[in-house]
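Read through the structure below, which is laid out as structure tokens, and then see the notes.
Throughout, read-outs are computed from the coordinates displayed, never taken from laboratory work. Just so you know, these numbers come straight off a predicted model, no measurement behind them. Cβ coordinates were reconstructed from backbone atoms using ideal geometry, including for glycine residues, and neighbour counts include every protein chain displayed.
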Amino acid sequence: MNSGPLPPPERKVAYVRDMFRRIASRYDLMNRVMTFGRDKAWRRTTVSRLGLGSQRTASGAETSSPPKVLDVASGTGDLAFEALRQNPDAQVIGLDLVAEMLLLAQKKRSTAGFPPFLVGDALRIPFVDSTFDGVVTGFALRNVTDIPAAFAEMARVTQSGGRVACLEIAKPRTPLFRELFSFYFYRLVPLAGRWITGDPAAYTYLPHSLTAFLTPDEIAEVMRQTGWCDVSYKRLMFGTVAIHVGTRV
């Protein structure tokens, strides 16, 4: 295993898959602790930004058919379940690289609905063009090897006029909050990760994956270059989280 906090690019996929396998059983608990329980509210907002209640066809006509939603890098399924909660008639599918994470998602289905979960890669989404009315993804971009390719794939499987909503960590703009966030994210989160998951390497990698990560403005520009229009984003939690939304051209 690479001795530094980040794996070399050629090993990133294997590194990320192995890391999430190791922390899968404590992933949800760590999310609650790390975000002070706010990640659930962020997911609700992310799904609501899809606007699934007012879906239209490419010609502009409203459609009454149940919307189809894909949750890319679904993990333990929280975004998929939230999409189903907000849209009980929707056909929701979760896709993730790590089978162990999806096994935990499947255990939640008895109380949260029954979306299917599939093992798959965000850079090679196993669906034909224009399959979905909306795509959501949360905390995934820092773990893919090619962000433009990921957005292009999400655009490929989304119908014209459909939307993507992307939830991701961001660096705060304000210097004071940036310093406080850095201390928390780079110092305290690894300590909490060691205590809760017993895996200090994972929660050293996760904060450091933000170091060279794109800014919200840069993410928005990537989206515009990969098939999305009307791109916008909203910062939450003192600027430490951003939700990007775009419409398929």
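Taking other Cβ within 10 Å of each residue's Cβ, how do V119, V128 sort, fewest first?
Sorted ascending by nearby Cβ count, the order is V128, V119.
Could you sort the peptides 160-167, 38-45 by per-residue average Cβ neighbour count (10 Å cutoff), highest mean leading? Before the final figure, lay out each step's value.
Numbers: 160-167: 22.8, 38-45: 16.8.
Ranking, from highest mean packing down: 160-167, 38-45.
When the chain is modelled as a GNM with alpha-carbon springs shorter than 10 Å, which of S182, S130, S65 fluctuates the most?
Judging by the Gaussian network model, the answer is S65.
Going by how many other beta carbons lie within 10 Å of each one, how would you line up E10, E100, E82, fewest first? All intermediate terms of the calculation are to be shown ahead of the outcome.
On the way: E10 9, E100 16, E82 23.
Listing E10, E100, E82 from fewest to most nearby Cβ atoms yields E10, E100, E82.
For the chain, what relative contact order do you get, as a whole percent, if you take Cα pairs closer than 8 Å and at least 6 residues apart?
Numbers: 446 pairs, mean separation 50.7, N = 249.
In percent, rounded to a whole number, it is 20.
Ratio of the stretch 155-249's C-alpha Rg to 2.2 N^0.38 Å, to two decimals?
Numbers: Rg = 15.9 Å, N = 95, 2.2 N^0.38 = 12.4 Å.
With N residues counted in the stretch 155-249, Rg over 2.2 N^0.38 Å equals 1.28.
More than 15 angstrom separation, counting every C-alpha pair in the stretch 200-248; what % is that? Mind showing how you got there, number by number?
Working: 635 of 1176 pairs.
Everything past 15 Å amounts to 54 percent.
Relative to the Cα centre, what is the charge dipole magnitude of the stretch 133-195, using +1 at the beta carbon of each Lys and Arg, -1 at the beta carbon of each Asp and Glu, and rounding to the nearest 20 debye?
Working: 8 positive and 5 negative charges, 61 e Å.
It comes to approximately 300 debye.
Excluding I196 itself, calculate the net charge of residues whose Cβ lies under 12 Å from the Cβ of I196, where each Lys or Arg counts +1 and each Asp or Glu counts -1. All intermediate terms of the calculation are to be shown ahead of the outcome.
Details: positive: R26, R32, R194; negative: D28, D199.
The answer is +1.
Run a plain Debye calculation on the stretch 84-151 (Cα atoms as equal point scatterers, no solvent) and give log10 I(q)/I(0) at q = 0.15, 0.23, 0.24 Å⁻¹, rounded to two decimals, same order as the q list.
Log10 of I(q)/I(0), two decimals: -0.55, -1.21, -1.28.
Percent relative contact order of the stretch 126-249, based on C-alpha pairs within less than 8 angstrom and at least six residues apart?
Values: 190 pairs, mean separation 40.5, N = 124.
Result for the stretch 126-249 is 33 percent.
Of all the C-alpha pairs in the chain, what % are more than 24 Å from each other? Working shown, then result.
Working: 13560 of 30876 pairs.
Result for the distance tail: 44 percent.
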